[in-house]
Every structure is written in structure tokens, then in C-alpha cells.
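The values are calculated or read from the model by the stated rules, or taken from the named source; none is laboratory data. As the structure is a computational prediction, the values presented were derived from the model and not from experiment. A quick note on method: Cβ atoms are made from the backbone with ideal geometry, for glycine too, and the neighbour counts reach across all protein chains shown. What goes into the accessible areas is simple: the full protein's heavy atoms, side chains included, and nothing from ligands, DNA or RNA. Shrake-Rupley method; radii C 1.70, N 1.55, O 1.52, S 1.80 Å.
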Amino acid sequence: MTGQTVAAADPYWNRYYNAEFEFGMGTEDVLAALSELPPVRRWCDLGAGSESLLWSIPLTADHLIAVDVDLDRLAILSRYAAQGQPRPAYTTVLRMCHRTAEDFTRRCRSLAGTLVADCLDGPPLALAPGSTDLVTQFGLLGLAETPEHFLDAWRRAHVPLAPGGWCAGANWVPEPSRQTGRVTLTQGLYRRAFADAGIHPHLLHRVASVDPQFPSLWLYTGRKQ
Ligand SMILES: C[S@@+](CC[C@H](N)C(=O)[O-])C[C@H]1O[C@@H](n2cnc3c(N)ncnc32)[C@H](O)[C@@H]1O
């Protein structure tokens, strides 16, 4: 495993998307992009951590597999799904996306399984090619160390995507002193990654954020040819 996540499982769970929803951090832009995607049957969230249910709110997906290298984060996600009660920031997101508490319960039930796997290095994912209608990653591929590493991880991440299936994701750009060891994300790099994986980009842009540690993020959606 390479790449350093911003915080360990419990601190991350308590810091992000917890109490009040934090506007201006790019989350609302990601939610808006996801709300444009059509309903899908099978969704795979890579580097899911504890937060797949946040991104599930604007989506319509029947069957979610959450993949992460960290068992503790997936355990938090599974416990949260079993409880089925949105925390305050999630309640705001439900409102923003015009979803109800019942919608949230349905999304909790859609969590069909979790998978511990290294999505940046390691062997191919244990998901059959073409077995998924939507592949997402939020904050995973930006942990790659070099452009080649990013391209390789992107290619492997999208092998399970069926023809006609969708991908979506976001990668936060650290302020320069935190950039060490992370790939520099550029429009050109994403375009190359899309082309290599046979995916047509529908949306690709950089969004500003008020978070001083991560002042911008790249946001994309695309469809496999
Ligand atoms: C910035 S967090 C984002 C978590 C979540 N997707 C979200 O939106 O809040 C990055 C996530 O990637 C996971 N991760 C880091 N390296 C990984 C790897 N090599 N393979 C799979 N997951 C990894 C971390 O455990 C963490 O859950």
C-alpha cells in the first residue's frame, strides 16, 4: 500500500461529514455531479473508507460493494449502515439532494458487501471484468505517487466497469507543503487516464475549496465505451 490518507479511521470519521455540513469544501459540487448520473444496478466504491453512504445519497444504486485497504474504516461503514440513522451532515445532504429518511434507509440496505483490497498496488481487484455499472473513488487515486502510478491504478480500478457503465470521482489537491509524495494532478493526466481505460469523459474540472489544507479538487464523471 502506498499513499497517506489524511487521518486514521476514527479521527477521519469524527472530522469529516459529521456534525454540521461544511459548505465550500467542494462536497456540494461532487454531490451535484453525482446527481446527474442515471440509476445503476451494481456500484463499486473504491477507497470507500467510512463514507460511501454520503455519496450514495444523490445516486440511485441497488447494490454497493465498498472496497478499502483499511478494515477499520469498512467496519465503521458497516456499523453505520446497520444503524441506518443519518448523522447531522448527512441529514443536510439528504435535504440538499431532496431525499428522505426512508431513502437513506434504502441506501444503507444497498450496502451488499465490503472488500479489503489494495487498490493502488497489489494484485488485480477480485471483481470480474464488466461486473459493475458504476465505479467511484473519492480521495483514493490522488494518493498515487507518480503519473505512471496514477495511470496504472486508474486502469485497474476500471477493469470491473461494464461497457456503457459510468465512473465518477474526486481527488483533493493538497496545498504545496502537503504535496510531498503525491502525484501532481492535471487535466492532461486525467484525459490520458480516461483514454487508456476506454472511458469518455462527461465532466472534468477543478473546483476551488475553502479548506486551507486542500484548496482545490478535481471532479469527473465519464462513461465506458
Ligand atoms: C481521503 S480518504 C477518502 C475516504 C472516502 N472515500 C471519503 O470520501 O471520505 C482515502 C481512502 O482511501 C483508502 N486507501 C488508501 N490507500 C489505499 C489503497 N492502497 N487501496 C485501497 N484503499 C486505500 C483509505 O483507507 C481511505 O479510506
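Residues that are touching a helix residue (DSSP H, G or I) at 6+ places or on another chain (Cβ under 7 Å), part of a helix (DSSP H, G or I), within 14 Å of the ligand (Cβ to nearest atom) and charged (D, E, K, R) occur at least once in the stretch 66-79. On the stretch given as the stretch 206-225, residues that are in a strand (DSSP E or B) and either within 18 Å of Pro147 (Cα to Cα) or at pLDDT below 95 (or both) total 5. Just one of (1) under 15 Å from Asp29 (Cα atoms); (2) among the β-branched types (Val, Ile, Thr); (3) within 17 Å of the chain's Cα centre (by Cα) fails for Thr132. It is (1). For the stretch 101-198, the strands (runs of 3 or more DSSP E) that sit wholly inside it and include 3 or more residues that are at pLDDT 95 or above, away from the ligand (no atom under 11 Å from the Cβ) and open to solvent by less than 50 Å² (accessible area, probe 1.4 Å) are 132-138, 161-173. Going through (1) touching a residue at least 40 places away in the same chain (Cβ under 8 Å); (2) under 18 Å from Pro38 (Cα atoms) one by one, His149 falls short only on (2).
Of the residues in the stretch 186-195, at least one is out of contact with any Asp or Glu (no Cβ under 8 Å at 6 or more places or on another chain), farther than 30 Å from Ser78 by Cβ and among the basic types (Lys, Arg).
With the condition kept exactly as written, say whether any residue in the stretch 133-140 is hydroxyl-bearing (Ser, Thr, Tyr) and in contact with a strand residue (DSSP E or B) (Cβ under 6 Å, 6 or more places away or on another chain). Checking the stretch 133-140: at least one residue is hydroxyl-bearing (Ser, Thr, Tyr) and in contact with a strand residue (DSSP E or B) (Cβ under 6 Å, 6 or more places away or on another chain). What number of residues in the stretch 212-225 are touching a Phe, Trp or Tyr at 6+ places or on another chain (Cβ under 8 Å) and within 10 Å of Trp172 (Cα to Cα)? Going through the stretch 212-225 one residue at a time, the tally reaches 4.
Yes/no per residue for (1) more than 18 Å from Leu217 (Cα to Cα); (2) at pLDDT 95 or above; (3) among the β-branched types (Val, Ile, Thr); (4) within 12 Å of the ligand (Cβ to nearest atom):
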residue: Pro11; (1), (2), (3), (4): yes, no, no, yes
residue: Tyr16; (1), (2), (3), (4): no, no, no, yes
residue: Val30; (1), (2), (3), (4): no, yes, yes, yes
residue: Trp43; (1), (2), (3), (4): yes, yes, no, no
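Can you tell me which of (1) over 16 Å from the mean Cα position of the chain (by Cα); (2) more than 12 Å from the ligand (Cβ to nearest atom); (3) in a helix (DSSP H, G or I) is the one Phe21 doesn't meet? Here Phe21 clears every test but (3). Of all residues in the stretch 80-100, those being open to solvent by 70 Å² or more (accessible area, probe 1.4 Å), part of a loop (DSSP other than H, G, I, E, B) and closer than 15 Å to Tyr17 by Cα number 1.
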